[in-house]
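Chemist: What follows is a structure written as structure tokens; I'll ask about it next.
The values are calculated or read from the model by the stated rules, or taken from the named source; none is laboratory data. A quick note: this is a predicted structure, and the numbers were derived from the prediction, not measured. Neighbour counts run over all protein chains shown; Cβ positions are idealised from the backbone, glycine included. Each accessible area value is taken on the protein alone, full model and side chains, heavy atoms only, with ligands, DNA and RNA left out. Shrake-Rupley method; radii C 1.70, N 1.55, O 1.52, S 1.80 Å.
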Amino acid sequence: MEQTAIVTGASRGIGRAVAAALAQGGARVCINYLRQREKAEELAARLTAEGGRVMCWQADVADRAAVEAMADAVRRRFGPISLVVSNAGIAGQLQFQDVREAEWDRYFAVNVKGAYHVIQAALPDMLHAHAGSIVTVSSMWGLRGASCEAVYSATKAALIGLTRSLALELAPTGIRVNCVAPGVINTDMVQVLGQETLASLAEATPLGRLGTPEDVAAAVCFLAGEQAGFLTGQVLCADGGFIV
């Protein structure tokens, strides 16, 4: 069945790979971005040239009105929304005693409230159709916790709780809700750690390498698609075995 998807945070990294994979698989895709307009438009142009049906939309997922405007634009362009990939997120390393309230609030506003906004904005279409798929992007640190990343880990743990609870609540309507928990993925977000730290993390990963955005995209597309039709409430760790 053809899907109409919103992928948040899709101008780069994991979201970019997810948007590309979905479009190449035949889905109609909204590439959401906040600041990276050129990267989003470059991706849209490439996918369109390949025959994909995509659109770009700027919206801060922490802004309810902006998210609702995006959902309305998607409906006008592509029809009812049947897939949400809640990927937009922010990360950083801070000792807990140095975390300011504004930083705490922004992390939760983007990573958790952003998911709340985009899922609620799309949910009426899925409830009407008695079908649909929601995939949240958490992190292995949401399952295990990470030193100097307490705020980030807390937001990602919250996404897992949201996923499992929504899966139970929405199952009678035929809507599936699942989660991908990536490990250390080679994106701009982790490059700030430095090559020495990244090499150490690759060595600590049983498969012996960092993940790629495409590795995570494959997991998202699996959970989003009909081949995972009997899966809901699941957390799929795409982490190379890091937290086995």
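Chemist: Do we find a residue being at pLDDT 95 or above, surrounded by 19 or more Cβ atoms within 10 Å (Cβ to Cβ), touching a Phe, Trp or Tyr at 6+ places or on another chain (Cβ under 9 Å) and over 26 Å from residue 238 (Cα atoms) anywhere in region 126-142?
Modeler: No, because not a single residue in region 126-142 is at pLDDT 95 or above, surrounded by 19 or more Cβ atoms within 10 Å (Cβ to Cβ), touching a Phe, Trp or Tyr at 6+ places or on another chain (Cβ under 9 Å) and over 26 Å from residue 238 (Cα atoms).
Chemist: Kindly evaluate residue 34 against the criterion of being touching a residue at least 24 places away in the same chain (Cβ under 8 Å), over 25 Å from residue 162 (Cα atoms) and of a type outside the set (S, T, N, Q).
Modeler: no
Chemist: Restricting to region 194-228, name every residue that is in a loop (DSSP other than H, G, I, E, B), without any contact (Cβ under 8 Å) to a residue 40 or more places away in the chain and of a type outside the set (Gly, Ala, Ser).
Modeler: 205, 206, 207, 209, 210
Chemist: So, one more: Looking at 74, 67, which is the one that is among the hydrophobic types (A, V, I, L, M, F, W, C), open to solvent by less than 30 Å² (accessible area, probe 1.4 Å) and either modelled with pLDDT under 95 or under 17 Å from the mean Cα position of the chain (by Cα) (or both)? Spell out how you get there, then give the answer.
Modeler: Numbers: 74 fails: either modelled with pLDDT under 95 or under 17 Å from the mean Cα position of the chain (by Cα) (or both).
On inspection, the qualifying residue turns out to be 67.
Chemist: Then there's this: Find all pairs meeting these conditions: Cβ atoms under 9 angstrom apart; at least six residues apart or on different chains; first residue within region 141-154 and free of Cβ contacts under 8 Å to residues at least 40 places away in the same chain and assigned to a loop (DSSP other than H, G, I, E, B); second residue open to solvent by 40 Å² or more (accessible area, probe 1.4 Å) and of a type outside the set (Val, Ile, Thr).
Modeler: 145/157; 146/93; 147/93; 147/95
Chemist: To continue, here is another question. Find all pairs meeting these conditions: Cβ atoms under 9 angstrom apart; at least six residues apart or on different chains; first residue within region 78-106 and over 30 Å from residue 122 (Cβ atoms) and of a type outside the set (S, T, N, Q); second residue at pLDDT below 95 and assigned to a loop (DSSP other than H, G, I, E, B).
Modeler: Here the result reads 94/148; 94/149; 96/148; 100/94, each pair linking region 78-106 to a residue that is at pLDDT below 95 and assigned to a loop (DSSP other than H, G, I, E, B).
Chemist: Another question, if that's okay. Might you check whether a residue that is under 22 Å from residue 239 (Cα atoms) and touching a helix residue (DSSP H, G or I) at 6+ places or on another chain (Cβ under 6 Å) occurs anywhere in region 99-113?
Modeler: For region 99-113, residues under 22 Å from residue 239 (Cα atoms) and touching a helix residue (DSSP H, G or I) at 6+ places or on another chain (Cβ under 6 Å): present.
Chemist: Being under 25 Å from residue 62 (Cα atoms), of a type in the set (Lys, Arg) and either modelled with pLDDT of 95 or more or more than 16 Å from the chain's Cα centre (by Cα) (or both), is that true of even one residue in region 147-159?
Modeler: yes
Chemist: Here is a further query. Across region 26-56, what is the total count of residues that are within 18 Å of residue 120 (Cα to Cα) and among the polar types (S, T, N, Q)?
Modeler: 1
Chemist: Could you count how many residues in region 68-116 are aliphatic (A, V, I, L, M) and within 19 Å of residue 188 (Cβ to Cβ)?
Modeler: 6
Chemist: Collect the residues in region 203-228 that are more than 16 Å from residue 85 (Cα to Cα) and open to solvent by 60 Å² or more (accessible area, probe 1.4 Å), keeping them in residue-number order.
Modeler: Step one: of region 203-228, the residues more than 16 Å from residue 85 (Cα to Cα) are 203-212, 227.
Within region 203-228, 203, 206, 207, 209, 227 qualify.
Chemist: Determine whether region 57-75 contains at least one residue that is of a type in the set (Val, Ile, Thr), touching a Ser or Thr at 6+ places or on another chain (Cβ under 8 Å) and within 18 Å of residue 127 (Cα to Cα).
Modeler: At the first step, the residues of region 57-75 found to be of a type in the set (Val, Ile, Thr) are 61, 67, 74.
If we keep only those that are touching a Ser or Thr at 6+ places or on another chain (Cβ under 8 Å) as well, we get 61, 74.
Checking which are within 18 Å of residue 127 (Cα to Cα) leaves us with 74.
The answer is yes, given that some residue of region 57-75 is of a type in the set (Val, Ile, Thr), touching a Ser or Thr at 6+ places or on another chain (Cβ under 8 Å) and within 18 Å of residue 127 (Cα to Cα).
For (1) among the aliphatic types (A, V, I, L, M); (2) open to solvent by less than 50 Å² (accessible area, probe 1.4 Å); (3) modelled with pLDDT under 95; (4) more than 14 Å from the chain's Cα centre (by Cα), each residue gets a yes or a no:
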position	(1), (2), (3), (4)
176	no, yes, no, yes
182	no, yes, no, no
188	no, no, yes, yes
201	yes, yes, yes, yes
230	no, no, no, yes
241	no, yes, no, yes
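Chemist: Another one. Which condition does residue 231 not pass, out of (1) of a type in the set (A, V, I, L, M); (2) touching a Lys or Arg at 6+ places or on another chain (Cβ under 8 Å); (3) in a helix (DSSP H, G or I), if it passes all the others?
Modeler: So the condition that residue 231 fails would be (3).
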